[in-house]
Structure formats: structure tokens, C-alpha cells
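The values are calculated or read from the model by the stated rules, or taken from the named source; none is laboratory data. Just so it is clear, the model here is predicted, and its values are computed rather than measured. Note: ideal-geometry Cβ built from the backbone for every residue, glycine included; neighbour counts use all protein chains shown. Protein only, heavy atoms only, side chains kept; ligands, DNA and RNA dropped before computing areas. Shrake-Rupley method; radii C 1.70, N 1.55, O 1.52, S 1.80 Å.
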Amino acid sequence: MADDLFFFTKDVLLIKAPKKSPLVLRMIVLVFAMVCGVYICSICLKQVSTRNKVGYLNLQVIEKPCQEPNIESLETPLVHYPKPKNYSRAECACNPVRYFAILSMQRSGSGWFETLLNNHTNISSNGEVFSVKVRRSNISTIVETLDRIYNLDWFSSASKNECTAAVGLKWMLNQGLMQHHKEIVKYFESRGVTAIFLFRRNLLRRMISVLANSYDREVKLLNGTHKSHVHSPLEADILAKYKPTVNATLLIPNLKQVEETTTKALEYFKSTRHMVVYYEDVVKNRTKLTDVQDFLKVPRMELKSRQVKIHKGSLSNLVENWDDIQKALTGTPFESFLHADYRRR
């Protein structure tokens with residue numbers, strides 16, 4: 001029995017295989033996991049790299065130039081896509097913008113005319129920018145100022161900024177425009193700037209307005225404040241009470257000088273795209289504003305202004321020495337100025 005037990009035990013010892021070390025198995029599993037991890041990481045890195053490349057391609061598509069609108073080939077130089085330095089045009093980045101300048105003379109109705117244009121949703125006219133002398137001190141400062149305006153980087157109460165379709169300014173002939181006309185014409189032609197000339201037919205009325213405005217600049221009839229334009233009938237009546245005395249001796253030479261300046265301006269800028277508008281025509285017929293909107297290629301709108309006309313009615317009631325003026329102009333090419341009148345705006 002003991003022998004049997006011995007042999008049984010021996011057999012068992014002989015048949016049972018020795019156990020492998022658990023440390024070796026763990027090392028094998030760890031190495032396998034590391035290899036798999038490295039492989040998976042490499043695949044992920046390739047996918048991320050591919051996604052980045054796709055992202056860059058999308059950015060390049062966004063930066064592509066805006067598609068040209070359906071316009072005639074002659075109009076192409078007049079269409080622009082400004083990129084302001086201080087803000088983004090956002091969804092309006094591909095809305096075309098046209099550049100313009102209102103070229104006029106003081107007391108020709110340009111202030112009223114500009115408020116009408118600024119009443120349009122898509123027009124920004126930035127006022128009499130070059131009334132500040134330093135901005136017109138030389139052609140370099142003029143060009144620098146114009147660049148800021150047309151790049152939509154000029155901020156004023158009229159700025160529509162992002163969705164502006166036409167941007168410009170009001171520029172008086174005696175504010176460096178005539179002095180640097182050659183360089184300015186080149187600038188207009190190279191940048192596609194269109195000109196809107198605004199003049200008065202009745203130069204006598206303009207002269208009376210100039211004299212009255214000069215007087216108020218010194219006296220300041222409205223509670224010590226000078227105003228070239230007013231928005232209430234009361235203020236207009238106060239300013240209209242002053243009746244200037246016109247120098248009858250210099251009347252004709254002064255009228256001739258204004259005519260000559262107007263003729264020169266039209267000659268200087270004849271090569272630019274331009275239109276001529278007369279204040280009296282706009283007052284009598286508001287459809288003239290439709291012509292201006294068509295010229296600027298903006299949607300037609302009914303335009304309004306809050307400004308109130310100061311000098312209205314018969315000329316004989318606006319000056320102190322009407323008889324002298326009549327004598328000076330009767331029988332001259334300017335005689336028609338004595339009788340021309342138009343309805344109030």
C-alpha cells in the first residue's frame with residue numbers, strides 16, 4: 001500500500017508541468033500594449049495633420065477676391081472692395097463700394113445737398129473734410145486723407161461703415177482743389193473716384209448768402225453761436241433779419257470771377273467721370289436726386305433733409321441797397337439774376 005502510494009505520488013510529480021513566471025507574461029503583455037499604443041498614436045497624428053491641411057485650404061478659399069457684380073466692363077474700375085484697418089466689413093465685405101466727391105463752392109447749397117445724400121441708407125458723405133487747413137497743406141496730406149476716407153477708415157456722424165455702397169466727401173474749390181488739380185485728377189482717375197459738381201445758377205443769391213454768413217460768423221446772432229445751417233424756422237428767421245449791403249461797384253467783377261472759377265473747375269476735371277447738378281434744379285424738381293442716385297449706382301430712395309432754408313423770397317427783401325444792385329446789373333449778362341426765383345424747399 002505504501003509502495004502504491006509512492007508510485008502514485010511519483011507519477012503525479014512527473015506529469016505536472018512546472019509553472020511559468022507571471023513576470024514574463026506581464027512583460028510580454030506590456031510590450032504588446034506599448035507597440036499598439038505607438039501605432040494608434042501615429043495614426044491619430046496623421047489624421048490631425050490632414051485635418052489641419054483641410055482647415056488651411058478653407059481659409060484660403062475665404063481670402064479669395066470677391067466676385068465682380070454684373071456690371072459693364074467700363075464700370076469695373078469704379079467698383080471697389082475696401083478693407084478697413086480698424087474693423088471688419090463682415091457680411092458686407094463683398095458688397096461693392098463706389099467713391100465720389102461733391103465739388104462745390106461755399107453757400108451753394110452743398111450742406112443741404114449732402115444731408116439729402118446721407119439720408120440714403122447706403123451713402124456716406126463725410127462733410128467738408130478739407131476745411132481743416134493742415135489736411136490740405138500739400139498733396140501728400142491730401143492723398144493721405146483721401147485714402148483714409150475711401151478705405152472706410154474715416155469716422156464721422158455720416159459713416160455707415162460696413163454696408164456703405166458709396167463713400168465720399170464735400171470739397172470746396174478753394175480748399176486746395178484748384179491749386180493741386182493735376183495731382184487730384186490723376187488720383188481720381190487711378191482710384192475710380194467720380195465727381196458731382198454742385199453749383200448755383202443765381203450767383204447773386206449766393207453772394208448775398210456769403211455776406212450774411214460772414215456777418216454771423218463775427219456777430220453770432222443765435223445766442224452767441226455761429227451756425228451756417230439751421231434746423232428750425234425760428235433760427236432761420238433770426239438769421240434772415242440781417243440784410244447785407246452789396247458793394248455795387250465790385251458786383252460785376254465778383255460775379256465774373258465766380259463764373260471763371262466754375263468754368264476752370266469743369267475744364268480741369270473734364271477727363272474724370274462726373275455730373276453737374278444745380279441747386280435750383282434740385283429745389284424745383286426732386287427727381288434730380290434720382291439722377292444722382294443712379295449716377296452713384298445705389299438703390300433709389302426718397303431722400304429728406306431737416307435743414308431749413310434761411311434766405312427765401314424776393315431778393316429785394318434780402319439786401320439793404322437793392323436799387324444800387326438793380327442799376328449795376330441792368331443791361332448786363334447778369335440781369336436775369338434780378339428776377340430769377342424758385343419755390344422754397
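Data for the structure
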| quantity | calculated |
| --- | --- |
| Beta bridges by DSSP in the stretch 77-338, antiparallel share as percent, to the nearest 5 | 10 percent |
| Share of carbon and sulfur in the accessible heavy-atom surface of the stretch 77-338 [1.4 Å probe, %] | 49 percent |
| Length added when fully stretched, ASN174-LYS133, from 0.36 nm per residue minus Cα-Cα | 13.7 nm |
| Neighbour net charge for THR272 - beta-carbon separation under 15 angstrom, K R +1, D E -1 | +3 |
| Gain in span if fully extended, ARG26 to SER316, counting 0.36 nm per residue against the direct Cα distance | 92.9 nm |
| Test item: Cα-centred dipole of the stretch 149-241, Lys/Arg +1 and Asp/Glu -1 on Cβ, debye | 360 debye |
| Computed magnitude of the charge dipole of the stretch 193-315 (debye, nearest 20; Cβ of K, R +1, Cβ of D, E -1) | 180 debye |
| Cα shape, the stretch 126-221, gyration tensor, a/c 1.5 rule | prolate |
| Size of electric dipole in the stretch 77-338: Cβ of Lys, Arg +1 and of Asp, Glu -1, about Cα centre, debye, nearest 20 | 320 debye |
| Cross-link table LYS182/LYS309; LYS264/LYS297; LYS85/LYS220; LYS270/LYS309, entries beyond 29 Å C-alpha to C-alpha | LYS182/LYS309; LYS85/LYS220; LYS270/LYS309 |
| Extreme residue, positive dipole direction of the stretch 77-338, given options PHE130, PHE334, ALA248 (C-beta unit charges) | PHE130 |
| Cβ-Cβ FRET estimate between LYS264 and ALA90, R0 fixed at 51 Å, reported to 0.05 | 0.75 |
| Over 18 Å between alpha carbons, listed pairs LYS160/LYS284; LYS83/LYS170; LYS241/LYS312 | LYS160/LYS284; LYS83/LYS170 |
